[in-house]
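What follows is calculated from the coordinates using simple rules that are stated; it is not laboratory data. Keep in mind it's a predicted model, so treat the numbers as computed, not measured. For neighbour counting, all protein chains shown are included, and Cβ atoms are generated from backbone atoms with ideal geometry for every residue, glycine included.
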Amino acid sequence: MRALPARRLASSALCATLLTAVAAPTALAADAGPAREQRARSAPRAPLPGADGLAAQARSLGDAGGVLAAITPLLDAALKADKGQLAKDQATKLAAAVQDAIKKATAATTATTPTAADPAAPTAPAAPASPAAPGLTKGGQAGTAAIADVKAASLAALQKAVDGLAAAATSGDPAKVAPAATAVVAGEVNVLAATLVGGGLPAPDLPGLPKPPSAPAAVPPAPAAPSLPAAPAAPKPATG
């Protein structure tokens, strides 16, 4: 009977040893998890090649998409309303949303345009065979600035067209709504075209899509003005 407590003590010690052996790796793994995460966060990250250019392209499309998405509710409301007329507060609210989107897109265009005083500013990488609008200069800061000017002008014209639609939809004259809405749609197309030209985007490769026109390599010089024939010499007076 005296040996029984000893067996119980030995059995308890064995169980405790087994529990320690099982729980120790789990505890160590739990402690190692946060340490691994901390090392992963502090480890230097290698940039993805070409990531900056692709991000700029995505932002360019996103800005244009934000403008078009803000315009759609205003167009839908005006075209579906009774005689194209909206309440003043509704038209103001819808037009304000468009204005905010256009301001954001304009600020993004200005922020990514290099200036003459900043020669080190990077330019957006131009895709080979990217469509270009006729008359725009390709490559270099001058070409990038010219395209940015076109984008800014297209956004300003679109804002003017949106203001015109908001005014027509609250004027009480249904005849003004359709022309104003047409001007807004044309302005959207211009913004898209300027974005595709100036965003450094890859050329479209959809099968069957007509090839877009490319910009002329150089403006031909103006023809020289024809020279006038020399005046005949005056006859000398005869001498007697």
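What the table below lists for this structure:
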| read-out | value |
| --- | --- |
| Cross-link pairs 151/176; 160/211; 80/160; 103/176 - those with Cα-Cα distance over 29 Å | 160/211 |
| Protection proxy ranking, peptides 80-86, 98-104, average beta carbon neighbours within 10 Å, highest first | 98-104, 80-86 |
| Tensor-based shape of region 163-203 (alpha-carbon gyration tensor, a/c under 1.5 rounded, otherwise prolate or oblate) | prolate |
| J(HN,Hα) series, region 155-167, from Karplus relation 6.51 cos²θ - 1.76 cosθ + 1.60, nearest Hz, glycine and proline x | 5, 5, 5, 5, 4, 5, 5, 5, 4, x, 5, 4, 5 |
